[in-house]
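Undergrad: Sharing a structure below in structure tokens format, with a few things to ask.
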Amino acid sequence: MPFNRHNKYKPSDGFKNNIIRKIQQYLGFQVQKYEKEDYGNIIQSEFEEEYKSIVILLIKIEEEGCSSQNNYSHLTFEQQRDKSAEDMKDYATRKILTKLQTLRQKRIKNHSKVEESANINNEDWIKCKPKDDIIAKHIWKTWRKERTQSPRAGTIFVHLSESDGIKVLLIKYNKNNCIIYGFPKGKIEFGETIEKCASRETSEEIGVNAKDIYNYIKNSVPIKKLVFDDITGSLKEHYYFLVQVRSTDISFKLNENEVTDVEWRSVYRLPSSLHCDVVNLIDSADLSKESNYFMVICNYKSTDNTSLVEDIIKKVDEIHGNQNAYEIYKRTHRTCCYNS
């Protein structure tokens, strides 16, 4: 994924080219006035200002959301997701269209030097009628696709003791009568480093101090996983930083919209694959609900054969300069195909 020289996340070149072409299309820029080989460079420089203003608007729309997004309590998770996405699309389309109209009026009043050299006049602008909401919807769709592909970053709280071995903090949330287990994480924002993202998301989800987390992980090397997304059919980059704590007696302030509970678990009793035998040994807090450990495993349909759990254990062994923890894990999972 694209990061600049300061390791801050930025939109991909494909996204930028796609958005600029739609801006050009809406504003009525006359493509036929230029040779094909010159078109790309002209468009990139000509619409840079408008592109930046559209991206700023898209970020603002995503941050603010639309007012109707919290009225879905009677719907299933999938229905809520679909209804929320539809409402956001309508809301975003209106906002984007208003911005495009403003930019178009500005262009009509102030021709650029490039337009003058191509003999584009007011008559050309008037004749070129934009396809209004079709272009606005395409811009929003392109944005959502880009954001869906954004890397994720988070933290894994680890507690080590002679009596209890290695324990990690799992977050839990409910989805369609299923308990989903995972670690605090979230999407990286534009202009953000993976360290800033991991500390911000951890703070937002479980209420710990973001600055403290950032100071702890800022010089760390994260565990990187490529995780398959069934919805998009593609691999996403996930980055996890280990945060070693002295005690499990920590008070968390959970974001109830994202996390229903947290739980300390022995890392040896966490599954290494979706079909791991260890799952049968885990006592569920709610027997009426199925437990899902996909975001704990992070290796289903991945190019990396090891699970995230194994990577955590190897990281702990790396800190201690041995393979003791990994040997215990392999013995616990000796009946499993833990690399499947």
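Undergrad: Would a scan of the range 38-61 turn up a residue that is part of a helix (DSSP H, G or I), touching a Ser or Thr at 6+ places or on another chain (Cβ under 9 Å) and modelled with pLDDT under 85?
TA: yes
Undergrad: May I ask you to verify whether Lys236 is closer than 23 Å to Ile297 by Cβ and in contact (Cβ under 8 Å) with a residue 60 or more places away in the chain? Outline the logic, then answer.
TA: Details: closer than 23 Å to Ile297 by Cβ: yes; in contact (Cβ under 8 Å) with a residue 60 or more places away in the chain: yes.
Yes: the conditions hold for Lys236.
Undergrad: Looking only at the range 197-206, which residues are touching a residue at least 12 places away in the same chain (Cβ under 8 Å) and either among the polar types (S, T, N, Q) or outside any helix (DSSP H, G or I) (or both)?
TA: Ser199, Thr202
Undergrad: Of the conditions (1) farther than 10 Å from Ala153 by Cβ; (2) surrounded by 20 or more Cβ atoms within 10 Å (Cβ to Cβ), Ser199 satisfies every one except a single condition; which number is it?
TA: (1)
Undergrad: Being within 19 Å of Leu270 (Cα to Cα), small (Gly, Ala, Ser) and in a strand (DSSP E or B) is the filter here, so list the residues in the range 150-191 that pass it.
TA: Selection gives Gly154, Ser161, Gly165, Gly182.
The values are calculated or read from the model by the stated rules, or taken from the named source; none is laboratory data. This one's a predicted model, so the numbers in the text were calculated from it and none came from an experiment. When we count neighbours, we look across all protein chains shown, and the Cβ atoms used for this are built from the backbone with ideal geometry, even at glycine.
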